[in-house]
1. Can you tell me the FRET efficiency between Asp189 and Ile226 if r is taken as the Cβ-Cβ distance and R0 is 30 Å, rounded to the nearest 0.05?
2. Points 7 angstrom from Cα along the Cβ direction at Lys74 and Val137: gap in nanometres?
3. Give me, ordered by chain and number, the residues 5 or more places off Gln172 or on other chains with an amide H under 5 Å from its own placed amide H.
4. For region 136-144, what does the Karplus curve 6.51 cos²θ - 1.76 cosθ + 1.60, with θ = phi - 60°, yield as ³J(HN,Hα) per residue in whole Hz, taken in order and with x for Gly and Pro?
5. FRET efficiency for Ile155 and Lys43, Cβ-Cβ distance as r, R0 = 51 Å, nearest 0.05?
6. Go through region 28-45 residue by residue and turn each phi into a ³J(HN,Hα) via Karplus (6.51, -1.76, 1.60, θ = phi - 60°); whole Hz please, and just put x for glycine and proline.
7. 5 Å is the cut-off here: which amide hydrogens, built 1.01 Å from N in the peptide plane, fall below it relative to Met142, excluding neighbours closer than 5 in sequence?
8. What ranking do Glu225, Glu167, Glu218 get, fewest neighbouring Cβ atoms within 10 angstrom at the top?
Amino acid sequence: MMSNGYKPAPLDLSDVKLLPPQEILVDKLAENAHNVWAKDRIKQGWTYGIQQDLKNKRNPRLVPYSLLDERTKKSNRDSLREAVRTFVGYGYNIEPSDQELADPAVEKVSIDKIRFFRVERSYAVRSGKWYFEFEVVTGGDMRVGWARPGCRPDIELGADDQAFVFEGSRGQRWHQGSGYFGRTWQPGDVVGCMINLDDASMIFTLNGELLITNKGSELAFADYEIDSDTAWAHPASLQLQRLQGQPPKLFSYRPVRA
């Protein structure tokens, strides 16, 4: 009980689940916390020892993070996982940088071997509920969803306020920036998107299952501005690596009224 009569209540984190990229962030934070601790101890004159010796400043944990025992690693991760869950519970969006998300196993490809495409079919909607779906044929950066007519070709889909898209290779939703959403897709998956212009909401599905936010909401986007005079189109951006001797695959879809 505080002096003003307020009694703080513990934050309920039972429904807060971290996404795979956030678990990666927890591992990064745990490693960073150990490195900061070790650097501080070394400055104080501590060295490695088989057993802890306070008098002679020896500590068995004063080793590179990769050599740390699993019990200590787990303790560090559990502590930082709770910290991240607390931030998420309060509504903060916690995510690692794109560099930290990069898969080290993925071969680096020079920019001259990459082509970027954006497709927009000549279907537009003004009212009601509309749904389309497509099959993911290959991996790579792809963004799909709905956009206003003001969507510019020189701006990444979702980087401004004109497009509302899902980038499934990283499990992100994009509108004026990115945030984690749902889960990642794989080649062969079927992704669906429905826009509801009656209540200003948008949902995405993966193999028939609704994707949800880390707060448990089924709405990828909601409460956006709707103008009855504005027609919405459904764009997609693709990043393709040149494949010598292989025929291109067609990418086509059209929306149906829900």
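1. Here the calculated transfer efficiency is 0.50.
2. Between Lys74 and Val137, the simple spin-label model gives 4.6 nm.
3. Here the answer is Glu167, Phe181, since their amide H atoms fall under 5 Å of that of Gln172.
4. With the stated coefficients, region 136-144 comes to 7, 8, 10, x, x, 6, 9, 10, 9 Hz.
5. 0.60
6. Values, residue by residue: 5, 5, 5, 5, 5, 4, 5, 5, 5, 4, 5, 4, 5, 5, 4, 4, 7, x Hz.
7. Gly168, Ser169
8. Sorted ascending by nearby Cβ count, the order is Glu225, Glu218, Glu167.
Bear in mind these aren't lab numbers, they're just calculated from the coordinates by the rules spelled out. What you see is a predicted model, and the numbers here were worked out from it, not measured in a lab. Virtual Cβ from ideal backbone geometry, glycine too; neighbours counted across all protein chains shown.
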